[in-house]
Amino acid sequence: MIAARVEAGARRYEVTHRTEYRYEEEVTGSYGRAFLLPRDTDEQWCRSSRLAVSPEPSLIEESTDHFGNRSHYIEIQNRHQVLTVTSTSVLDIDRPVPDFAALNAWTVAGAAAALRADSDIDPVERASFLLPSPQVEEQTVLRHFAARAIDVDAHLGDALLGLVQTIYSEFAYASGVTTVTTTLGEVLRKRQGVCQDFAHLAVGVLRLVGLPARYVSGYLETQPPLGQPKLQGADASHAWASVMLPSGRWIDLDPTNNQPADSRYVVTAWGRDYTDVPPLKGVIFTEGRKSVLHVAVDVIRLDTDV
Amino acid sequence: MTAAIPEDGNPVLDRYRTRLRPRQGALDEILTSDGVRAGSQDLASSIDLLGVTGLLTRREQARRFVEDDGVTYGGSPVVTRNRRWTVDPLPLVLDAEEWARLEPALAQRARLLDAVLTDLYGSRRLLREGVIPAEVVLGHPGFVRQADHIRVPGAHQLFMAATDLARHEDGTWHVIGDRTQAPSGAGYAMETRRIIARVLPGLHRDTPLARLRAFFHTMRQALQEMAPETAEAPRVVLLTPGAGSETAFDQSFLATLLGFPVVEAEDLTVRDGRVWLRTTGRLEPVDVVVRRVDAWFSDPLELRPDSQLGVPGLLEASRNGAVTVVNTIGAGVLENPALLPFLPAAARVLLDEELTLPSVPTWWCGDAASRAYSLEHLDQLVIKPIARDVGLTSRFGWELTRDQLDELRRRIEAAPWSWCTQERLEMSTAPVVTSLGLEPRRLVLRTFAVAQGAGYHVMAGGLARVGSKSDTYLVSNLSGALTKDVWVLSAADAAGTAASGDDVPAPSRQPVGHSRGTPMTGLSPRVAEDLFWLGRYAERAEGTARLLRVADDLTQDYANRPGSRGAVAMYAVLDAVNAVTTVRHLGDRPGDPPSTALRRRLRSLVTDAMLPGTVAFAGYRTVRAAQAVRDQLSLDTWVVLSRLERRLTEIPADDAPLQPILAQVLESLLALAGLSAESLVRDPAWYFLDAGRRVERAQQVVSVLLHTVATDQPEGVDGMIVESALLACESVITFRRRDAAGLVTSPVRTALELLLLDRANPRALAFQLERLADDLRHLPERASVDAALGSLSALMRETDLDLLCRGDRARLATFLAELHASLLSFARLLERESFVHPAPQRALGVVGW
């Protein structure tokens, strides 16, 4: 049951992500942290990237976080009522299609045991993504779902695709039903959510069966090929799950679209869950209580030979 | 080493010995099986000399000193009544030989914890090589990923460590816990020493005692060494969660000892990636932050977004080396009992040393064999979550029911990595003074180590805590533990120097030693505001007490003589009391004779702490404002304030006369005023305090005049009213002197002259305005405030008393009412301009996808 829609082959993208906040009252100070510029991976090379902020920030500093992501501190001392943060990146991506048939050499439990016993695997990375995290906590309700969604004795390749399929078919994509602080328990009760929730769900199930799993924040090219439906998550940032395989390799799975990640997926950052890598968060000083948020994302395929 | 029991015996200790008998195995800190523990002989003799009665007197003295020094532990529940620190008068004595073994072991442990901390936020070799299972660290909430790879300058990452120890049956000390998040208690230790030095002066003087002062010198030096390299004379602040923090006393006392200001989050701001102190005048750079706010609350940008106790950007400023935060954000990862079994191996790997100080045997349930052992012996073990989360505390397996044990077993099996178990330690006991004689209580010793050179300086002493009940294993401040001073005896060769040292630092705002650092000069708006209100509330309490004294006098004389002129005057003054205090409704009980109702009413105006406008309300607010700026005030202040609080707390009997209470309250308030006049350096802190006092007194005097002298009264009554006003404003003697000299033609006019315009009368409005002008000259300039004060002064100069006194009182009343309104708006302007608070801090709705 290997997904047919996967698109392989190298390609180049320009990603623009513009976030605008309009505040009810003047803001006297603004402190932001952004995970907006893509990291390099084995399958992705960032050719250029920049972060533009208005009004003029008094300080922008880039640092590398605990997980190796690019992270920016944005400090604004100018009084303002509108904040815009725009990231623009050009990337080359060549993500091979995972060979799920080959993964069937293991069972789920066998893979977990192999990972546990492998002394070549970095114990910090393994434990970081096996332990519960703020938004992916161990709960009874998650255990019940996991028992149904994945069979520890099944072949690994089939089980991974089956898990993605189960989430895709049992949960409805519905924006506005959940927020960035929604817990897995609520998602499991409501049977609705967005890409972030589905990524957390997949991560939670994988950790329960002993497979280290992480949350990936990024983008997906949504230009629909002719005659095919437009994919959900269009023109927005996207999120999916990544799982560690025996030997320590990672593959990415997108439960929102029921497919493994291919070269249309642009990785920005990864962490244990959303709280480690929100695209933009901040603290402001203002008398006002309200703000209006507007986000615009464009993932444009550039016409060039990579 | 055991000393023989004196021939004539020691009745108090003999009795204590019989109480020890049932505790097989456990050791005692003062008695051995057949004598007195080495080092404790002098203490034992003192106990003998004092007897139970003498010991109880000393306990009472200790309690009184705690009160006089304003030592609190815990928050402030209702009004200001903080939980008091409780000190047992008998110190724990550690002899030189024992300390010589313990001290290097504690220093080694601090070095090890420092090395572990450095590794965990650096290369994580300990985890990669399997010396410590990765889950033990990565599953602990104290591991702050946002602080990864942040390094502070100097030889150490760990500024300070506190270690909790208990004595094993074999006599050795075992570590039962490490405190590294934001260790508290060094200030309490010094304060406890100050108290015991006064409670047992002779014994304290004659004992060759290691002194505590050096520790604080080292602490100051360590802060200099850990400061950013760019800071030549580092400026240090202590970041507190607030005056309501449990250990607020410890924090401000420590800051006072070191000469650093205590600041709250809103006092600090990050600009251009570095930390600044917001003062009423300008921004002052901050180089080192001594953090007493828990890590997760210290930066709402990167950690808990809902925290109002932290400074957004603090982590970034640490990351780029612009500020040093100690203990480092993330140091709490060492407060993990599950680390204990792995420390000996870590010591071999990181230090190439054997760990000398044993920890209480501990099993981490994430390890299969340890889990099996733990689950099998659960009913004999102490069960601990690896992190002290809300609702999850240590449980004692032998105290639990089968159901409780099963429940714990389930929880451990569900997340074994987050649990550990520890062997039950028969902790040693120490005698506690009770009304029934000495009682044995289990003891925990907390020691402190601070970075020094390549190693650590261990405080020669510490804080011993004993359980609140005789059978409890739980020894924590939250469970009501008592504190003991810890006396470390000097080695014989060092005794001379140690005994000559000055143990207790001068109770003042003088920092320890000679600071090379630049002192922080500015005041934060928050501190300035609290000082201003300290001045206002103290003055308000005083003014109200004076007015009530006059009213009570009249009531005593005329309440039972209705229809008399005096009674008319009395009611007029009572109306004035209502108007000035703004307290109107004090439910009279129907059927009470008027005199009873009046007395009850006046009594409420003195003692009702919950009612704004009363003496008690203003008095408690005075204490609370003082607590919020503790590090700005001299230690003597607390003697005065504790007396005031005591007076206000004791509710008098219904028929008790009010005059003595008012006299005592006034006495305390005058002492406070005297301290502020004679003991405070004239710096911005003082000028804000004084400005508050002046603003309040100006309003009081005008308000009193408006509601007394400016009211129309029948012939013969107005003289009494004028006198009442003069009494309430402490100016009657001058008036009488002028009257006797034939200088008074119109009593009203003279009273107005004396209380409004006389620049030589410290109670007059003109005097307050002049003082205010002087205060403002010493404070950051605010043009609008100066202008407002200028027009008030001009109004005074142009006042035509003859015109105001002509005819009825309407013109005077209008004038005074307008003056009062002008004073109110001046006060508001001053507050708005001087105490600028930052706009509210809000988390920016995080952006999803």
Counted residues in the stretch B:225-246 being open to solvent by less than 40 Å² (accessible area, probe 1.4 Å), on the phi < 0 side of the Ramachandran plot, of a type outside the set (A, V, I, L, M, F, W, C) and modelled with pLDDT under 90 come to 1
Does the stretch B:110-154 hold any residues that are of a type in the set (Asp, Glu) and within 10 Å of another protein chain (Cβ to nearest Cβ), and which are they?
B:Glu129, B:Glu135, B:Asp148
Which listed residue is assigned to a helix (DSSP H, G or I), of a type in the set (A, V, I, L, M, F, W, C) and open to solvent by less than 20 Å² (accessible area, probe 1.4 Å), from B:Ala673, B:Ala663, B:Ala677, B:Ala685
B:Ala685
Any idea which of A:Gly193, A:Gly227, A:Gly218, A:Gly176 is more than 26 Å from A:Ala105 (Cα to Cα), open to solvent by less than 10 Å² (accessible area, probe 1.4 Å) and free of Cβ contacts under 8 Å to residues at least 40 places away in the same chain?
A:Gly193
Given the criteria within 12 Å of chain B (Cβ to nearest Cβ), open to solvent by 10 Å² or more (accessible area, probe 1.4 Å) and of a type in the set (Gly, Ala, Ser), does A:Ala236 qualify?
yes
Within the stretch A:74-97, count every residue that is open to solvent by 20 Å² or more (accessible area, probe 1.4 Å) and assigned to a loop (DSSP other than H, G, I, E, B).
6
Need pairs with beta-carbon distance below 8 Å; first residue open to solvent by 70 Å² or more (accessible area, probe 1.4 Å) and within the stretch B:797-815, second of a type in the set (A, V, I, L, M, F, W, C); sequence gap 6+ or separate chains.
B:Arg811/B:Leu803; B:Arg811/B:Leu804
Report every pair of residues separated by at least 6 positions or lying on different chains whose Cβ atoms are under 9 Å apart, first residue within the stretch B:159-170 and over 30 Å from B:Gln224 (Cβ atoms) and outside any strand (DSSP E or B), second open to solvent by less than 10 Å² (accessible area, probe 1.4 Å) and of a type in the set (Gly, Ala, Ser).
B:His168/B:Ser428; B:Glu169/B:Ser428
Please report, ordered by residue number, the helices (runs of 4 or more DSSP H) entirely within the stretch A:100-183 with at least 3 residues that are facing another protein chain (nearest Cβ under 10 Å) and not aliphatic (A, V, I, L, M).
A:123-128
Taking the stretch A:291-302 and the residues there that are open to solvent by 40 Å² or more (accessible area, probe 1.4 Å), more than 8 Å from every other protein chain (Cβ to nearest Cβ) and among the β-branched types (Val, Ile, Thr), the one that is nearest to A:Pro57 (Cα to Cα) would be A:Val292
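Residue-wise test of (1) modelled with pLDDT under 50; (2) closer than 27 Å to B:Glu232 by Cβ.
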residue	(1), (2)
B:Gly501	yes, no
B:Val527	no, yes
B:Arg536	no, no
B:Thr544	no, no
Do we find a residue being surrounded by 12 or more Cβ atoms within 10 Å (Cβ to Cβ) and in contact with a Lys or Arg (Cβ under 7 Å, 6 or more places away or on another chain) anywhere in the stretch B:777-790?
no
Being more than 10 Å from every other protein chain (Cβ to nearest Cβ), part of a helix (DSSP H, G or I) and surrounded by fewer than 23 Cβ atoms within 10 Å (Cβ to Cβ) is the requirement here; does B:Ala107 meet it?
yes
The residue from B:Thr247, B:Thr269, B:Thr280 that alone is polar (S, T, N, Q), in contact (Cβ under 8 Å) with a residue 40 or more places away in the chain and within 14 Å of chain A (Cβ to nearest Cβ) is B:Thr269
For A:Glu61, which of the numbered conditions (1) within 14 Å of chain B (Cβ to nearest Cβ); (2) farther than 30 Å from A:Glu25 by Cβ; (3) modelled with pLDDT of 95 or more; (4) touching a helix residue (DSSP H, G or I) at 6+ places or on another chain (Cβ under 8 Å) fails to hold?
(2)
Tell me, yes or no, whether the stretch B:292-315 has at least one residue that is β-branched (Val, Ile, Thr), more than 10 Å from every other protein chain (Cβ to nearest Cβ) and buried (at least 21 other Cβ atoms within 10 Å of the Cβ).
yes
Within the stretch B:189-196, does at least one residue satisfy the condition of being in contact with a Gly (Cβ under 9 Å, 6 or more places away or on another chain), assigned to a loop (DSSP other than H, G, I, E, B) and touching a residue at least 24 places away in the same chain (Cβ under 8 Å)?
no
Which pairs turn up if I take residues in the stretch B:317-336 that are under 17 Å from B:Arg271 (Cβ atoms) and look for partners that are of a type in the set (Asp, Glu) and open to solvent by 20 Å² or more (accessible area, probe 1.4 Å) with beta carbon separation below 9 Å, at least 6 apart in sequence or on another chain?
B:Arg319/A:Glu61; B:Asn320/A:Glu61; B:Gly321/B:Glu229; B:Ala322/B:Asp272
If you scan the stretch A:139-156, which residues turn out to be among the β-branched types (Val, Ile, Thr) and at pLDDT 95 or above?
A:Ile150, A:Val152
Is there any pair with a first residue in the stretch B:396-423 that is within 13 Å of another protein chain (Cβ to nearest Cβ) and assigned to a helix (DSSP H, G or I) and a second that is open to solvent by 50 Å² or more (accessible area, probe 1.4 Å) and modelled with pLDDT of 95 or more whose Cβ atoms are under 7 Å apart and which are 6 or more apart or on different chains, and what are they?
B:Pro416/B:Arg371; B:Trp417/B:Glu135
Which members of the stretch A:267-290 meet the condition of being over 30 Å from A:Leu253 (Cβ atoms) and within 7 Å of chain B (Cβ to nearest Cβ)?
A:Gly282, A:Val283, A:Ile284, A:Phe285, A:Thr286, A:Glu287
Select from the stretch A:14-40 the residues that are open to solvent by less than 30 Å² (accessible area, probe 1.4 Å) and hydroxyl-bearing (Ser, Thr, Tyr) and list them in ascending order.
A:Thr19, A:Tyr21, A:Tyr23, A:Ser30, A:Tyr31
Collect the residues in the stretch B:175-201 that are within 14 Å of the chain's Cα centre (by Cα) and open to solvent by 10 Å² or more (accessible area, probe 1.4 Å), keeping them in residue-number order.
B:Ser184
For the stretch A:46-56, check the following and say yes or no: at least one residue is over 26 Å from the mean Cα position of the chain (by Cα) and either open to solvent by less than 30 Å² (accessible area, probe 1.4 Å) or within 14 Å of chain B (Cβ to nearest Cβ) (or both).
yes
If you go through the stretch B:284-291 one residue at a time, do you hit one that is surrounded by fewer than 21 Cβ atoms within 10 Å (Cβ to Cβ) and in contact (Cβ under 8 Å) with a residue 24 or more places away in the chain?
yes
Flag for A:Tyr215 being at negative phi, of a type outside the set (A, V, I, L, M, F, W, C) and touching a helix residue (DSSP H, G or I) at 6+ places or on another chain (Cβ under 6 Å):
yes
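The values are calculated or read from the model by the stated rules, or taken from the named source; none is laboratory data. Computed from a prediction, not measured in an experiment: that's the story for all the values here. Because the Cβ atoms are built from the backbone with ideal geometry, glycine has one as well, and the counts that use them run over all protein chains shown. These area figures cover heavy atoms from the full protein model, side chains too; ligands, DNA and RNA do not enter into them. Shrake-Rupley method; radii C 1.70, N 1.55, O 1.52, S 1.80 Å.
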